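Below you'll find the structure, written out as structure tokens, and then a few comments.
The values are calculated or read from the model by the stated rules, or taken from the named source; none is laboratory data. Everything numeric here is computed off the predicted structure, so don't read it as measured data. Cβ atoms come from the backbone with ideal geometry, glycine included; neighbour counts cover every protein chain shown.
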Amino acid sequence: MNNTPWLVIGAGAIGLFWACKLQTLGHSVHLVYRSESPGKKITLDSLIDENGQQQSTSTKHKVKSFMASELTEQYDKVLLCTKSFDLKDAFLQVSEHVTDDATIACLCNGVGAQEELQSVLLDTQALWAAITSEGVLKIDKNHIKHTGLGDTYFGRWLQTDSNREFPIDHLTVTNIHQRVIEKLAVNAVINPITAIFNIHNGDILDENFKPLIEATLAELESVFTHPKFSYIEQSKHLTRANLKNRVNTIAQLTRLNRSSMYEDIKLQRQTENEFISGFLLKNSPIELPIQRLLYEGVAFSDQREETKKKLLSIT
Ligand SMILES: NC(=O)C1=CN([C@@H]2O[C@H](COP(=O)(O)OP(=O)(O)OC[C@H]3O[C@@H](n4cnc5c(N)ncnc54)[C@H](OP(=O)(O)O)[C@@H]3O)[C@@H](O)[C@H]2O)C=CC1
Ligand SMILES: CC(C)(CO)C(=O)C(=O)O
């Protein structure tokens, strides 16, 4: 592995977390921010240790931060940590500083943005998509809290890419498309429900949300196992029981976390609704009335109280 720096794009919760993580793994990191500089030092508070035990630690990481316009070097390793709706533009903003043979990784929720990014890459650049179930909260411009221990996996987006290895050991999988769909399934339950009801991830396991969760899972099973669903090869194993297990496990592991969608609504920011529920509504061969309600509950704040009542009346 060469020791040129990683260019991490996005100084949000996940970007700051990965800047710290890459550094801990021995990589050098240059971080690109958009609106607010994190300064020279990032503080990472952890409520859990690497074994998942409850334990409070705080570490400080010195990372060089730049605005895109301040970059002068060429980078052969890029990790994009923006929201899905910003992904392609965030890359285009730095593309003149990315080598023709670069490894470009993107770590965002939802489906659709990866393909948009692939469409602006050179044939010689390799896209690695990633999914993560880590829970990270940004509490200040240079201060994050690791609230939920999860896993992160990277995989080649195009199977035709060369067999060049990924520059971080032990985190790669062969079928990232399947992982992306599995993560989409989890996000299509946890994110809109926590965002609409203003609750932490673990709260969706409460008794009063049981009928809504069951109905949402049943509906998702019907699309994921539908022979006409375009991603059926990646999704056919997502039965109701399988989905329930995934959603419960992640809700439990990130129980103290606010989902990224809840956080976005709370801070009145754009959400990834279009790339989660919106993607399912656009691509499903069947009607998805519950997913539509969740989509609308997130998209239209003026209808949210009404939507909550409808969602809680589902039996
Ligand atoms: N946080 C979490 O626990 C989890 C997050 N994820 C996913 O990871 C992804 C990142 O999430 P998260 O870090 O929470 O999101 P944030 O909104 O906290 O961070 C995204 C960051 O990207 C920055 N950005 C956007 N466009 C550009 C650009 N052109 N140049 C530089 N920076 C840019 C934003 O800048 P600005 O500050 O200007 O808006 C923002 O700081 C999302 O897809 C999310 O769903 C997945 C699992 C867990
Ligand atoms: C895993 C989970 C639900 C963690 O909060 C997430 O992906 C998100 O918040 O977007």
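A few notes on this one:
- Where a residue in the stretch 295-315 is of a type outside the set (Gly, Ala, Ser) and its partner, wherever it lies, is surrounded by 14 or more Cβ atoms within 10 Å (Cβ to Cβ) and not in a helix (DSSP H, G or I), with Cβ under 6 Å and at least six apart: Val298/Thr271
- Looking across Gln252, Gln268, one residue alone is at positive phi and not assigned by TED's automatic domain parsing to the domain that holds Gln114. It is Gln268.
- Test: Ile290 is over 22 Å from Pro211 (Cβ atoms) and either away from ligand 2 (no atom under 16 Å from the Cβ) or part of a helix (DSSP H, G or I) (or both): no
- For Arg258: the one exception among (1) within 16 Å of ligand 1 (Cβ to nearest atom); (2) part of a helix (DSSP H, G or I); (3) under 21 Å from Leu311 (Cα atoms): (2)
- Among the residues making up the stretch 51-91, those that are surrounded by fewer than 17 Cβ atoms within 10 Å (Cβ to Cβ) and either in contact with a Gly (Cβ under 6 Å, 6 or more places away or on another chain) or among the β-branched types (Val, Ile, Thr) (or both) are Thr57, Thr59, Thr72.
- Cβ-Cβ distances below 6 Å connect the following pairs, each with a first residue in the stretch 260-275 that is in contact (Cβ under 8 Å) with a residue 12 or more places away in the chain and closer than 18 Å to Leu107 by Cα, a second residue that is within 12 Å of ligand 2 (Cβ to nearest atom) and acidic (Asp, Glu), and a separation of six or more residues or different chains: Thr271/Asp264.
- Flag if Arg292 is over 30 Å from Ser46 (Cα atoms), of a type in the set (Lys, Arg) and within 22 Å of the chain's Cα centre (by Cα): yes
- Hits in the stretch 129-172 (condition: assigned to a strand (DSSP E or B) and within 14 Å of the chain's Cα centre (by Cα)): Ala129, Ala130, Ile131, Thr132, Gly135, Val136, Leu137, Gly148, Thr152, Tyr153, Phe154
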